[in-house]
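Every read-out reported here was derived from the displayed coordinates using simple, explicitly stated rules and does not represent laboratory data. The structure displayed is predicted, hence computed values, not measured ones. When we count neighbours, we look across all protein chains shown, and the Cβ atoms used for this are built from the backbone with ideal geometry, even at glycine.
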Amino acid sequence: MRGWLVHALFLMILVISIGADEQASDALDESADLAASVIGVARSHGLTYLPYTTASDPVPGLLFEEPGCSGRVRVFLLAVTFDAERIVRSTAKPGDQLRYVYIDRAWKRAERLAIVVTRAKYAVLGVLGLTRYEPSWHFLIVEAPDQCMANEIDWRSVWNRRNLRATENGPSTIME
């Protein structure tokens with residue numbers, strides 16, 4: 001192989017790695033406030049946030065009210081380690097649906113491997129600047145009665161970079 005071709009190849013690798021390093025700092029930033037983003041997305045779908053603090057709750061969640069829904073909607077932000085998932089599942093109200101949500105995927109039961117693989121996929125895509133979603137070490141569990149619209153909400157906007165940046169100004173500035 002000619003010397004200039006090898007040099008050109010190494011120069012290209014250097015430029016790509018510097019660019020990827022700049023993108024990675026944005027894609028892997030965990031300082032974004034996902035709770036504010038969840039509130040903004042829920043409000044954009046007509047849910048009303050009910051701020052509350054209860055020391056008796058084993059796992060704190062975000063509480064919402066939906067017009068025409070027979071009960072309240074709870075959204076939990078849990079770490080992908082699934083430490084508190086069993087507690088959330090055991091405290092679910094009878095007749096409520098649990099949905100596990102991470103960016104563009106939703107499951108009716110805990111899919112640990114699928115969530116970790118999805119996170120890895122979006123981390124790589126984020127480093128390359130090929131996605132508008134910000135990977136996070138947190139996923140959502142949405143608990144809602146069967147007939148509620150909250151079961152049909154497309155929650156992927158929670159991880160949208162534009163929405164996460166808008167949370168700096170408050171959840172009311174988040175748009176779909």
Quiz item: Between I13 and R109, what length in nm is gained on full extension when 0.36 nm per residue of separation is reduced by their alpha carbon distance?
Solution: 30.4 nm
Practice problem: At most 16 other Cβ atoms within 10 Å and a DSSP loop assignment: could you name the trypsin sites (Lys or Arg not before Pro) in the stretch 73-141 that fit? | Solution: K108, R109, R132
Practice problem: Read phi for every residue in the stretch 144-153 and hand back ³J(HN,Hα) as whole Hz from Karplus 6.51 cos²θ - 1.76 cosθ + 1.60, θ = phi - 60°, with x for Gly and Pro. | Solution: 8, x, 3, 8, 7, 5, 4, 6, 9, 5
Quiz item: What full-extension length gain, to one decimal in nm, is calculated for Y49 and W137 as 0.36 nm per residue of separation minus the Cα-Cα distance?
Solution: 29.3 nm
